[in-house]
Amino acid sequence: MMVLQLGDCGLVPKVHGTEASSCRFCLLECFKSSWSSHKSVHLKAKLSSPDTQNSGSVSEGWLYCLKSGQARTPKLPYFDWTGSLRPYPISSKRVVPDQIDKPDWADDGIPKIEPSSGLQYTVEVKTPDQIQRMRETCHIAREVLDAAARIIQPGVMTDEIDRVVHEATIAAGGYPSPLNYNFFPKSCCTSVNEVICHGIPDARKLEDGDIVNVDVSVYYKGVHADLNETYFVGNIDEESCQLVKCTYECLEKAISIVKPGIRFREIGEVISRHASVSGFSVARSYCGHGIGELFHCAPNIPHYARNKAVGVMKAGQTFTIEPMINAGVWRDRMWPDGWTDVTADGKRSAQFEHTLLVTDTGVEVLTGRLQTSPSVFPWLNS
Ligand SMILES: [Zn+2]
Ligand SMILES: [Zn+2]
């Protein structure tokens with residue numbers, strides 16, 4: 001990965017104290033037409049799944065994740081947990097059909113082109129062909145995230161969210177980019193309550209009052225798309241509601257300044273200003289990132305104020321903005337699984353992410369909401 005100030009973004013595990021960078025269903029008619037049958041399959045699976053909540057007994061094949069996905073254990077690992085959330089066992093690896101085009105980490109967990117690419121240092125201006133493929137992939141990713149959003153309710157395991165994301169992605173002909181990226185074990189990230197990002201879908205059932213971020217990335221036609229949203233599970237306390245709304249607004253405000261000539265470092269100023277007037281803090285360990293034929297590349301886009309991001313936006317660049325806003329302190333801790341990043345004080349964290357294209361006059365939100373997107377945010381209804 002490129003050299004970063006406080007680590008980059010995306011799904012790169014932190015190593016030796018340095019921090020790495022961060023970070024679908026089907027728009028297709030085939031998927032739409034088979035949705036009701038898919039739904040009945042999900043429902044049956046849900047009804048037949050073992051009752052794992054609040055119990056140590058899980059069915060065979062479900063184990064706790066350790067060491068960035070490379071190890072498993074049957075026992076809950078020891079950790080000085082910062083909040084009330086705990087890891088649950090994860091299911092075995094999901095299969096991607098042979099005919100789907102895969103990124104180079106799909107088989108052995110190791111990205112090969114990405115880390116040594118010159119695009120970790122220079123921000124690519126995409127060709128019209130690349131941009132068109134990005135549009136298609138981003139549209140699929142949006143529909144996959146929307147499919148995940150539709151099943152969220154108390155009692156649903158985050159592993160079931162992962163299954164919907166996985167099945168929807170391959171139904172659209174895509175590969176779920178997170179799957180086996182640096183050994184990440186699942187097809188999306190599900191980050192509950194105090195998890196800042198990179199939560200691993202597991203056997204925990206969502207509870208009334210939880211918030212859950214679902215981060216979806218898709219590889220299709222040789223390019224990646226990346227977006228996430230934070231959802232309410234049942235009835236939510238007032239502070240969590242404000243936190244999620246503020247985070248949504250932080251992303252909107254950041255997007256509104258994007259156009260040729262704007263410095264990448266300005267994004268953090270806008271986000272930080274809005275978070276602090278609401279009394280919240282900005283997570284610093286993960287940043288927005290360039291995206292295209294590589295999942296994570298330059299530019300690195302911190303979300304906090306007074307950052308040292310270099311460079312100026314140009315038409316044709318594609319990157320993500322993905323602020324993580326914390327109810328309490330900005331500091332984070334890493335769970336023993338090497339992925340799950342939680343707030344140091346155990347208070348809640350929310351995130352929203354879009355993949356963006358800088359245009360001649362401003363910005364195109366490639367992963368923008370669709371008319372068919374579910375109404376899950378009360379502030380968008382009025
Ligand atoms: Zn993401
Ligand atoms: Zn991302």
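The values are calculated or read from the model by the stated rules, or taken from the named source; none is laboratory data. From a predicted model like this one, the values you see are computed outputs, not experimental measurements. With ideal geometry, Cβ positions are generated from the backbone for all residues, glycine too; neighbour counts draw on all protein chains shown. In case anyone asks, the SASA skips ligands and DNA or RNA and just uses the protein heavy atoms, side chains included. Shrake-Rupley method; radii C 1.70, N 1.55, O 1.52, S 1.80 Å.
Side notes on the structure shown:
- Condition met for Val363 (under 26 Å from Glu114 (Cβ atoms), away from ligand 1 (no atom under 16 Å from the Cβ), of a type in the set (A, V, I, L, M) and open to solvent by 10 Å² or more (accessible area, probe 1.4 Å)): yes
- Among the candidates Glu143, Glu249, Glu167, the residue that is assigned to a helix (DSSP H, G or I), farther than 22 Å from Val329 by Cα and away from ligand 1 (no atom under 16 Å from the Cβ) is uniquely Glu167.
- Close pairs from the range 285-302: first within 24 Å of Ile325 (Cβ to Cβ) and of a type in the set (S, T, N, Q), partner in a strand (DSSP E or B) and near ligand 2 (Cβ under 9 Å from one of its atoms), Cβ under 8 Å, at least 6 apart: Asn300/Gly288; Asn300/His289
- Taken over the range 330-360, the criterion of being outside any loop (DSSP other than H, G, I, E, B), under 24 Å from Lys245 (Cβ atoms) and open to solvent by less than 10 Å² (accessible area, probe 1.4 Å) is satisfied by Asp341, Val342, Thr343, Ser349, Ala350, Gln351, Glu353, Thr355, Leu356.
Yes/no per residue for (1) on the phi > 0 side of the Ramachandran plot; (2) more than 15 Å from ligand 2 (Cβ to nearest atom); (3) at pLDDT below 95:
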{"residue": "Ser177", "(1), (2), (3)": "no, no, no"}
{"residue": "Cys188", "(1), (2), (3)": "no, no, no"}
{"residue": "Asp208", "(1), (2), (3)": "no, yes, no"}
{"residue": "Val218", "(1), (2), (3)": "no, no, no"}
{"residue": "Lys221", "(1), (2), (3)": "yes, yes, no"}
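- Any hit, the range 94-101, residues being among the acidic types (Asp, Glu), touching a helix residue (DSSP H, G or I) at 6+ places or on another chain (Cβ under 8 Å) and under 19 Å from Val218 (Cβ atoms): no
- Scanning the range 140-166 for residues that are open to solvent by 20 Å² or more (accessible area, probe 1.4 Å) and touching a strand residue (DSSP E or B) at 6+ places or on another chain (Cβ under 8 Å) returns Ile152, Pro154, Gly155.
- Yes/no for Gly368 being open to solvent by 10 Å² or more (accessible area, probe 1.4 Å), within 16 Å of ligand 1 (Cβ to nearest atom), assigned to a loop (DSSP other than H, G, I, E, B) and out of contact with any Asp or Glu (no Cβ under 6 Å at 6 or more places or on another chain): yes
- When residues of the range 185-222 are limited to those that are open to solvent by 10 Å² or more (accessible area, probe 1.4 Å), touching a helix residue (DSSP H, G or I) at 6+ places or on another chain (Cβ under 7 Å) and of a type in the set (Lys, Arg), the one nearest to Trp339 (Cα to Cα): Arg204
- Looking at Ala172, Ala225, just one residue is open to solvent by less than 10 Å² (accessible area, probe 1.4 Å), farther than 23 Å from Pro87 by Cβ, in contact with a helix residue (DSSP H, G or I) (Cβ under 8 Å, 6 or more places away or on another chain) and within 12 Å of ligand 1 (Cβ to nearest atom), and that residue is Ala225.
- Looking at Asp98, Asp129, just one residue is in a loop (DSSP other than H, G, I, E, B) and surrounded by fewer than 13 Cβ atoms within 10 Å (Cβ to Cβ), and that residue is Asp98.
- Val365 being of a type in the set (Val, Ile, Thr), over 21 Å from Pro111 (Cβ atoms), touching a Lys or Arg at 6+ places or on another chain (Cβ under 6 Å) and at pLDDT 95 or above: no
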